[in-house]
Amino acid sequence: MTDAASSIAIIVGAGHAGGELAIALRNEGWEGRILLLGEEPHLPYHRPPLSKAYLAGSVEKSSLAIRPQAAYDKAGVEFIGGVRVNAIDRANRRLELSDGRSLNYDKLALATGGRPRPLSLGNAAAAERCANFHYLRTLADVERIRAQLAPGKRLVIVGGGYIGLEVAASASAQGLQVTVLEALPRVLQRVTAAELSAYYERKHREAGVDIRTGVQVVDLELAGERVDALLCADGARIEADLVVVGIGLIPNTELAAAAGLAVDNGILVDQHAQTSDPHIFAAGDCTNHPNHLLGRRLRLESVPNALEQSRVAAANMAGKLKAYASVPWFWSDQYELKLKMVGLSDGFERLVLRGDPASDSFSAFYLKGDKVLAADTVNRPQDFIAAKRLVAEGIAVSDAQLADDARPLKELLPTPGA
Ligand code: FAD
């Protein structure tokens, strides 16, 4: 039996979840060693700016680190970058590393995130070897893209989700000719109501972005080391100087699955962030976890989820009992528009608008009965704060109350202790 001081916790994946988990584990009282292993060479860094301020060149690379090295040193967290964990030997509680080393653990956390979903085209693999064809997940990806952004260049983005639209906003502001190809009938279709999609399509078109919806890319025209054009099902041939594909994420679950852990669209964890092995926890984009507020399992791709679930995992690894119960929330920055969203809108019956979209300051509420399931707020931080409580606490409201922009939303919230 290992004593507390000589026990070893290992965290695989040094992204938002892994970095937070390592620090939180120490704060929760873990006395032994804490090792944070990451395939990328960098200390954990902020991913959201990769399609926003960092792509736009308005923040420095040095500002991307979530914490400085000194913070990990102070917490006694040993960071080992540039190393991949290839296998978990659960029987012996040992990891096999890409550099040939083996490491033993007492507790293990998987924070392996995900990777971009590849285009399912016959020559997609050949396109990936082309210098002007990109996915966007890592700092290395964005460095390659940034090096190719120049006014007048033709950028074709496949995918009208958040990442695609954020890249479109940054690139069009830098003077590129941007085309967005979305297979579904509207952008952001999986996550917002038609009104919001229409609003964002209009904002992009006003900025000069060519938004094309209902367009299926069926082939890529390659010339040597370059993608020259994208061919669409409707016969269109769209020439490109560079291509960015943002069509979703595949969770990195192979390591867990190969070790025999339960996996189903993410590593299955319980409300304590524990996997099907009591010595192994998981957090962040790679997990499929229960959400008792929504009454079902979820796999989320968001920084707040990664951070909050990591803190729960850390507490439980340190022997405390803490359950994860957060309402999902997200954000997206495009142009001067700060979109903040809370809740999940699936199954909503009505959409109520508050404020006028033409003013670029409004909110949209997704209702079922008299409860708000979700809200999208554009340049309305106060609405967002109130909406978070409306969703999390299941507060009953009427459509008229939500739509009444003359009355602050916080007046609909019960006073704490009242
Ligand atoms: P990741 O950040 O993906 O980290 C996982 C790490 O694990 C990676 O570094 C990976 O290399 C490493 N790894 C994987 N397998 C292994 C292995 N076997 N061995 C060692 N290391 C391994 N979210 C928001 O909430 N708001 C936003 O505005 C927003 N914008 C985004 C913009 C972009 C361009 C991208 C790509 C994402 C954005 N997201 C946003 C999503 C957000 O970044 C993710 O939800 C978050 O990064 C998840 O953190 P994570 O630690 O779970 O995974």
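How much accessible area per residue does segment 336-412 have, in Å², with a 1.4 Å probe?
Accessible area per residue: 45 Å².
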Discussion item. Order 347-353, 176-182 from most to least packed using the mean count of other Cβ atoms within 10 Å.
Written reply: 176-182, 347-353
Worksheet entry | Interchain or long-range residues, amide H under 5 Å from residue 248's placed H | 117
Worksheet item: How large is the charge dipole for segment 336-412, taken about the Cα centre, if only the Cβ atoms of Lys, Arg (+1) and Asp, Glu (-1) carry charge, to the nearest 20 debye?
Response: 260
Worksheet entry | Other-chain or far-sequence residues with amide H under 5 Å of residue 7's (modelled H) | 32, 33
Practice prompt. Report the full-extension gain for the segment residue 349 to residue 276: residue separation times 0.36 nm, less the Cα-Cα distance, to one decimal in nm.
Written response: 22.6 nm
Discussion item. Give me the dipole magnitude in Debye, nearest 20, for segment 124-247 about the Cα centre, with unit charges on the beta carbon: positive for Lys and Arg, negative for Asp and Glu.
Written reply: 220
Discussion item. Spelling out what I want: for every residue of segment 34-44, take phi, set θ = phi - 60°, compute 6.51 cos²θ - 1.76 cosθ + 1.60 (Karplus), and round to whole Hz; glycine and proline get x.
Written reply: 10, 10, 10, 10, x, 6, 6, x, 8, 4, x
Worksheet item: Using just the C-alpha positions of segment 171-229 as equal point scatterers, what log10 of I(q)/I(0) does the Debye formula give at each q in 0.13, 0.15, 0.20 1/Å?
Response: -0.43, -0.55, -0.84
Worksheet entry | Paramagnetic reach from residue 117 (point 7 Å along Cα→Cβ, amide N under 20 Å) across segment 269-290 | 284-289
Response to the item:
For segment 243-287, the percent of all C-alpha pairs falling in each 5 Å bin, from 0 up to the bin holding the max distance, is 5, 24, 31, 18, 8, 7, 5, 3, 1
Response to the item:
About its Cα centre, the chain carries a charge dipole, from +1 on Lys and Arg Cβ atoms and -1 on Asp and Glu Cβ atoms, whose size in debye to the nearest 20 is 480
Worksheet item: What percent does the relative contact order of the chain come to when contacts are Cα pairs within less than 8 Å and at least six residues apart?
Response: 14
Worksheet item: Considering only DSSP beta bridges with both partners in the chain, what is the antiparallel share in %, to the nearest 5?
Response: 60
Item to complete: Could you list, in their original order, any pairs among 153/203; 322/410; 74/338; 52/203; 74/320 whose Cα atoms are separated by more than 25 Å?
Response: 322/410; 74/338
Discussion item. Strictly greater than 16 Å: what percent of every Cα pair in segment 10-57 meets that?
Written reply: 47
Worksheet entry | Percent accessible area from carbon and sulfur atoms, segment 124-247, protein chains only, probe 1.4 Å | 50
Worksheet entry | Segment residue 415-residue 141, length gained on full extension (0.36 nm per residue, minus Cα span) | 93.9 nm
Worksheet item: In whole Å, how far is the Cα centre of segment 1-66 from that of segment 249-293?
Response: 18
Fill in: Computed label-point distance, nm, for sites residue 326 and residue 239 using a 7 Å Cα→Cβ extension
4.7
Worksheet item: Expressed in whole Å with the largest first, what are the equivalent ellipsoid semi-axes of the chain derived from the C-alpha gyration tensor as the square root of 5 times each eigenvalue?
Response: 36, 31, 18
Worksheet, complete the sentence: For segment 181-316, the Kirkwood Rh over every pair of distinct alpha carbons, in Å, works out to 18.1
Response to the item:
Between the residues 36, 85, 55, the Cα farthest towards the positive end of the dipole of segment 1-139, that dipole coming from +1 and -1 charges on the beta-carbon of Lys, Arg, Asp and Glu, is from 55
Worksheet entry | Surface share of carbon and sulfur [accessible, 1.4 angstrom probe, percent] for segment 294-418 | 54
Response to the item:
Per principal axis, largest first, the Cα atoms of segment 1-89 extend in Å by 53, 28, 15
Worksheet item: If you take the alpha carbon radius of gyration of segment 336-412 and divide it by 2.2 N^0.38 Å, what ratio comes out, to two decimals?
Response: 0.97
Item to complete: Sort the following peptides by mean Cβ neighbour count (other Cβ atoms within 10 Å, averaged over residues), highest first: 15-21, 314-320.
Response: 15-21, 314-320
Worksheet item: Taking the radius of gyration and the Kirkwood hydrodynamic radius from Cα positions alone, what is the Rg/Rh ratio for segment 103-238, to two decimal places?
Response: 1.03
Worksheet item: So what is the 222 nm mean residue ellipticity for the chain from helices alone, if each DSSP H run of at least 4 adds -39500 (n - 2.57) and you divide by all residues, rounding to the nearest 500 deg cm²/dmol?
Response: -7000 deg cm²/dmol
Worksheet item: When the chain is fully extended, how far beyond the present Cα-Cα distance does residue 222 get from residue 96, taking 0.36 nm per residue of separation?
Response: 41.5 nm
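The values are calculated or read from the model by the stated rules, or taken from the named source; none is laboratory data. The structure displayed is predicted, hence computed values, not measured ones. Ideal geometry is used to build each Cβ from the backbone, glycine not excepted, and the neighbour counts take in all protein chains shown. Accessible surface areas use protein heavy atoms only, side chains included; no ligands, DNA or RNA. Shrake-Rupley method; radii C 1.70, N 1.55, O 1.52, S 1.80 Å.
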